[in-house]
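Every number here is computed from the coordinates shown, using simple stated rules; none is lab data. Because the structure is predicted, anything quoted here is derived from the model rather than measured. Cβ placement follows ideal geometry from the backbone for every residue including glycine, while neighbour counts extend to all protein chains displayed.
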């Protein structure tokens with residue numbers, strides 16, 4: 001069998017959502033009103049269908065959480081965002097091989113009816129304030145693009161909705 005991975009261990013510097021500490025933090029966030037954005041996102045959760053589709057999958061989750069009508073059919077009679085409907089700005093074949101940049105992500109979000117802002121090099125305190133504000137409301141979400149290696153995970157660039 002070629003080298004492959006199954007359930008890589010979470011680095012000790014990170015907290016598993018299902019752990020006692022993860023559950024405690026979740027309960028605190030709900031109690032403090034800073035989990036409002038979690039619920040619309042988790043209702044739309046999906047796993048990426050291709051290794052390089054993390055940006056498209058994250059965006060699909062957010063677009064569905066925003067209740068934006070894609071104005072085109074997904075399957076059967078259903079209009080619903082999925083990765084294969086996010087084919088503006090870049091061909092899907094390109095994304096499957098190369099992934100997306102943060103600029104591509106913003107372009108795809110905008111051409112599908114969402115507003116998107118790319119924010120770089122923000123100070124940690126400002127990032128925390130912004131995330132707390134977004135987590136305390138509905139109708140706005142944050143997707144981050146980060147290097148998995150920087151937090152001890154397998155892989156490189158990754159997109160994930162966090163709020």
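The set of residues in the range 13-34 that are assigned to a loop (DSSP other than H, G, I, E, B) and touching a residue at least 24 places away in the same chain (Cβ under 8 Å) comprises 13, 14, 33, 34. Of the residues making up the range 40-66, those that are exposed (fewer than 13 other Cβ atoms within 10 Å of the Cβ) and under 17 Å from residue 143 (Cβ atoms) are 42, 43, 45, 47.
The residue that is nearest to residue 53 (Cα to Cα), among those in the range 75-123 that are touching a helix residue (DSSP H, G or I) at 6+ places or on another chain (Cβ under 6 Å) and surrounded by fewer than 15 Cβ atoms within 10 Å (Cβ to Cβ), is 88.
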